[in-house]
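Peer 1: Here you go, one structure.
Bear in mind that the values in this text are calculations on the coordinates, not laboratory data. A quick note: this is a predicted structure, and the numbers were derived from the prediction, not measured. So basically every Cβ, Gly included, is an ideal-geometry build from the backbone, and we count neighbours across all protein chains shown.
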Amino acid sequence: MNASADTLETIPMVEDEISADSPANSVIAVASRNVHLQHWQDILQANLEVAEQSPPLLVSGRLTKVTGLVMEAVGLRMAVGSTCIIQLPNNQVEAEVVGFSGDKLFLMPEVDVQGLVPGARVIPFESAGKAARPGQHRRTADLARHLPVGEMLLGRVLDGAGRPLDQHGPLPDGPTSALQSRPINPLDRAPIKEALDVGVRAINALLTVGRGQRMGLFAGSGVGKSILLGMMARYTTADVIVVGLIGERGREVKEFITDILGTEGLKRAVVVAAPADTSPLLRLQGAAYATTIAEFFRDQGKNVLLIMDSLTRYAMAQREIALAIGEPPATKGYPPSVFAKLPQLVERAGNGIDGGGSITAFYTVLTEGDDQQDPIADSARAILDGHIVLSRRLVEQGHYPAIEIEASISRAMNNLVSTAHFSQVQHFKLLYAHYQRNRDLISVGAYVQGSDPLLDEAILMHPRLSHFLRQDMHEADHFIESMNAFSSLFDQAN
Ligand SMILES: Nc1ncnc2c1ncn2[C@@H]1O[C@H](COP(=O)(O)OP(=O)(O)OP(=O)(O)O)[C@@H](O)[C@H]1O
Ligand SMILES: [Mg+2]
């Protein structure tokens, strides 16, 4: 500061020597003021550089307790959701602040930790992150870790922390993004008004899905969820496919990538895998990361298909964390925060602002033994824009994809297809359901033809309807073909 004071004294006060009446003199006056201003700007800039180079104060806390999944630390004041580093003698572990009580912070590690010691040093992690745009405030999420997003992720398989799991080497440098995005004003979102070709006949024609729609795939185990999702990923006309494999078996991850998605499918896909043996935090993060990647491509104007397998395992990871930090269980062991987290995740999918890209999403929901009372299934059904139910009964008949058409619904469909098509779909469902209800009667020969005209039509049409719904997993059926095949179903009958 002394230096600047000295310099100030040596500046010639040119203005005093100029008389103000001639125009030439006033030009000189302005120029001399600029010299003065420039001088001060240079001084301030020099001081700013000194301030920026000075090392920040290192704040740290100490680890006081570890019970099961949760660690407690004291001596730090950090916001929930922010990241910190625990320094161990030989390595360091990343953890997230998941709660607090008085002065104690509850931390959850990102990986399973060995070698924690009492009193280990805990240091807040502050990413350089991205500055908030003008008019936006800087949030905790902006300070937390940013993960890679961008075109360079296409064809790659990553874990929930953005580290490559495949053998294609480290990720090249590219853009990064915060895991929690800013919500889009619902009034700015483009409405769902254009159908998305998913390459599956039964869905294209009977459960038409719109760009930006969020669907649930409700099914028990082993009824063909992964195969159906893989078919959509391979055959859809979406520009980019983002797959989040959350909490499923590790073996399934490899199977999904090599057998179901295949090299062709993987070319325009990004897979984020956080299998069951990873920490619950990484599983939650994996789902958020897959959504962040999808949002990046949507913001580039792309139509994205986001596949999340499964939403139930995501809820279970949140349950593990919430119970570990002492939240009381409410519905069937699930604490209330689980039901708050689900819509937060799902609402991030959907259309962007008018004229931008879209995220069409499929979330699988486990319904064991047709348990429609399962709280996660119940909650998911309420927050999604439709559900496709896969049934074990159809699997037992060798009917694939095992979509139970009567129980499935696409809530945006009436905005996407013509009224005539929509009423034909209702008729299809009516005939199909009527046949299923009377199936036993028909098979034992107890039904007398002519006693129920609707059932007569259902029996006549059933082989054709059933054939229409079946599709080989290696065969694609594009939107126009599906629609034409559907309308010719009833033409043939007449
Ligand atoms: N479209 C299809 N055509 C022929 N067979 C199929 C089809 N879909 C599923 N299957 C059969 O069903 C089996 C289980 O399918 P898949 O692995 O997709 O089920 P899942 O619901 O994902 O199971 P999990 O609950 O274990 O994840 C497959 O191994 C395959 O034999
Ligand atoms: Mg599966």
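Peer 1: Please report the relative contact order for the chain, taking Cα pairs under 8 Å with a sequence separation of at least 6, and give it as a percent rounded to a whole number.
Peer 2: 15
Peer 1: Amide H neighbours of G244 under 5 Å, at least 5 residues apart or on other chains, H built in the peptide plane: list them.
Peer 2: V272, I307, M308, D309
Peer 1: With n ≥ 4 as the cut-off for DSSP H runs, can you work out [θ] at 222 nm for the chain, using -39500 (n - 2.57) per run divided by the number of residues, rounded to the nearest 500?
Peer 2: -11500 deg cm²/dmol
Peer 1: Equivalent ellipsoid semi-axes for segment 253-313, as square roots of 5 times the alpha carbon gyration tensor eigenvalues: give them largest first, rounded to whole Å. Can you show the working numbers first?
Peer 2: Values: eigenvalues 80, 60, 13 Å².
Working through the eigenvalues yields semi-axes of 20, 17, 8 Å.
Peer 1: Using R₀ = 51 Å, calculate the FRET efficiency as 1/(1 + (r/R₀)^6) where r is the Cβ-Cβ separation of R249 and Q45; round to 0.05.
Peer 2: After rounding, the FRET efficiency stands at 0.30.
Peer 1: If I model a spin label at I123 and A485 as a point 7 Å from the Cα along the Cα→Cβ vector, what separation in nanometres do I get?
Peer 2: Once both label points are built, they end up 6.0 nm from each other.
Peer 1: With label points built 7 Å along Cα→Cβ from the Cα atoms of E457 and D354, find their separation and express it in nm.
Peer 2: That separation, rounded to one decimal, is 4.2 nm.
Peer 1: So between Q373 and Q92, what do we pick up on full extension, going 0.36 nm a residue minus the alpha carbon distance?
Peer 2: On the way: separation 281, 0.36 × 281 = 101.16 nm, distance 4.33 nm.
Once the chain is fully extended between Q373 and Q92, it gains 96.8 nm.
Peer 1: Under 5 Å between amide hydrogens, which residues at least 5 positions from V111 or on another chain qualify, with H placed 1.01 Å from N in the peptide plane?
Peer 2: Close amide H contacts, sequence-distant or interchain: E94.
Peer 1: So what are the radius of gyration and Dmax for the Cα set of the chain, in Å?
Peer 2: Here Rg and the maximum Cα pair distance are 30.0, 117 Å.
Peer 1: Please list the non-local residues whose amide H lies under 5 Å from the amide H of F100, H modeled 1.01 Å from N, same-chain partners needing a gap of 5 or more.
Peer 2: F106
Peer 1: At 0.36 nm per residue, minus the direct Cα-Cα distance, what do K332 and H427 gain on full extension? Give it in nm, one decimal, please. Present the calculation step by step, with values, prior to reporting the outcome.
Peer 2: Values: separation 95, 0.36 × 95 = 34.20 nm, distance 3.83 nm.
Result: 30.4 nm gained on full extension.
Peer 1: OK, next. Find which of A276, V444, V304 sits farthest along the positive direction of the dipole of the chain, computed with +1 on the beta-carbon of Lys and Arg, -1 on that of Asp and Glu, about the Cα centre.
Peer 2: Going by the Cα projections, it comes out as V444.
Peer 1: For a quick check of your reading of the filter: which trypsin sites (Lys or Arg not before Pro) in segment 227-297 sit in a DSSP loop and have no more than 14 other Cβ atoms within 10 Å?
Peer 2: R249
Peer 1: Same structure, new question: Give the residues of segment 283-309 whose amide nitrogen is closer than 19 Å to a point set 7 Å from the Cα of E264 in the direction of its Cβ.
Peer 2: The answer is 305, whose backbone nitrogens lie closer than 19 Å to the label point.
Peer 1: Where in segment 412-455 does the amide nitrogen come within less than 11 Å of the point 7 Å from the Cα of E475, taken along Cα to Cβ?
Peer 2: Hits in segment 412-455 for E475 at 11 Å: none.
Peer 1: Quick one: putting +1 on the C-beta of Lys and Arg, -1 on the C-beta of Asp and Glu, what dipole do you get for the chain around its Cα centre, in Debye to the nearest 20?
Peer 2: Once rounded to the nearest 20, the dipole reads 1140 debye.
Peer 1: Suppose the chain between T64 and R437 were pulled fully straight at 0.36 nm per residue; how much longer would it get relative to their current alpha carbon spacing?
Peer 2: Length gained between T64 and R437: 128.0 nm.
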